[in-house]
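Engineer: This is the structure I have questions about; it appears just below.
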Amino acid sequence: HNADFAHWNGSGEGYDVVTMWDFLEHVPDPLATMRRASGLLRPQGLLAVLTIDSSSLFNVLGAAAYRLSAGKASRPLELLYDRRHTFYFDRRHTRMLAERAGLAVYEQRFYRAHLGRWLSVPIPWWMRLGGDAVDLASLLVRHPYRQLLVARKATPASPRQ
């Protein structure tokens, strides 16, 4: 189904999987959104959330450049921080949100930014080269730009016999 998630009532049968690709960072209430997704899942259903990791090497270096330049180096931050985002999550926050929404974290993985997807945004060659270097270095320090969280709908504990 492709519909406005805030107004979607589901099919009544529940879903095995709900995905949120670059979505959660745009909603006004991420916890309510994750709870809604959990409510749409069948028992043992999966929620997959792809978003940026605000603790990534990109974000740490971008914030440092901004501070060190007294706010003059804002272009890298404009690429990292989309004005349409209402929230930025680090790896701990996405786990916490899932757990507070009644989901059990199944897996959390991290991926490069793959700057090639930003080619529609004109950036100077040196910024692209530097970005690619940071993107690769982020793998070495284990703080890449993208995170994928997969959580399973928690099933109620069975009563003890």
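Engineer: Suppose every K and R has +1 on its Cβ and every D and E has -1 on its Cβ; what is the size of the dipole of the chain about the Cα centre, in Debye to the nearest 20? The partial results should precede the final answer.
Structural biologist: Details: 21 positive and 14 negative charges, 73 e Å.
For the chain, the charge dipole is close to 360 debye.
Engineer: Ranked highest first by average number of other Cβ atoms within 10 Å, how do 126-134, 31-39, 144-152 line up? All intermediate terms of the calculation are to be shown ahead of the outcome.
Structural biologist: On the way: 126-134: 14.3, 31-39: 17.9, 144-152: 21.1.
Descending mean neighbour count gives 144-152, 31-39, 126-134.
Engineer: Continuing with this model, one more query. Each label point is 7 Å from the Cα along the Cα-to-Cβ direction; what then is the distance between the points at His26 and His114, in nm?
Structural biologist: In this crude spin-label approximation the distance works out to 1.8 nm.
Engineer: Which percent of the accessible heavy-atom area of the chain goes to carbon and sulfur, probe 1.4 angstrom?
Structural biologist: On the way: 5770 of 9980 Å².
The value for the chain is 58 percent carbon and sulfur by accessible area.
Engineer: Let me understand the chain better: what is its radius of gyration from the alpha carbons, and its Dmax, in angstrom?
Structural biologist: 18.2, 67
Engineer: How much FRET efficiency would the formula 1/(1 + (r/R0)^6) give for Ala48 and Arg128, where r is the Cβ-Cβ distance and R0 is 35 Å, rounded to 0.05? Write down the numbers at each step before the final one.
Structural biologist: On the way: r = 29 Å, r/R0 = 0.84.
After rounding, the FRET efficiency stands at 0.75.
Engineer: Which far-off residues, 5 or more places away or on another chain, put their amide H under 5 Å from the one on Tyr106, with H placed in the peptide plane?
Structural biologist: Val150, Ala151, Arg152
Engineer: For segment 1-69, restrict the atom set to alpha-carbon positions and state the Rg and Dmax in Å.
Structural biologist: Cα only, segment 1-69: 16.3, 54 Å (Rg, Dmax).
Engineer: Right, something else. Pairs of alpha-carbon atoms within less than 8 angstrom and 6+ residues apart define the contacts here; what relative contact order does the chain have, in percent? Intermediate results must be reported in sequence, preceding the final value.
Structural biologist: Details: 239 pairs, mean separation 50.5, N = 161.
Once normalised by length, the contact order is 31 percent.
Engineer: Determine the percent antiparallel among the DSSP beta bridges restricted to the chain, to the nearest 5. Walk me through the numbers before you get to the answer.
Structural biologist: Values: 15 of 21 bridges.
If we restrict to bridges inside the chain, about 70 percent are antiparallel.
Engineer: Same structure, new question: Farthest toward the dipole's positive end in the chain, which of Phe58, Trp8, Pro28, given Cβ charges of +1 (Lys, Arg) and -1 (Asp, Glu) about the Cα centre?
Structural biologist: Comparing the listed Cα positions along the dipole, Phe58 ranks first.
Engineer: While we're here: Provide the gained length on full extension for the span Arg142 to Glu13, in nm with one decimal, where the gain is 0.36 nm per separating residue minus the Cα-Cα distance. Before the final figure, lay out the partial values.
Structural biologist: Values: separation 129, 0.36 × 129 = 46.44 nm, distance 3.94 nm.
Additional length available on full extension: 42.5 nm.
The values are calculated or read from the model by the stated rules, or taken from the named source; none is laboratory data. Predicted model, so just to flag it, every value in this text is computed and none were measured. Neighbour counts are summed over all protein chains in view; Cβ atoms, including those assigned to glycine, are modelled from backbone coordinates with ideal geometry. Please note that ligands, DNA and RNA were not included when accessible areas were found on the heavy atoms of the full protein model with its side chains. Shrake-Rupley method; radii C 1.70, N 1.55, O 1.52, S 1.80 Å.
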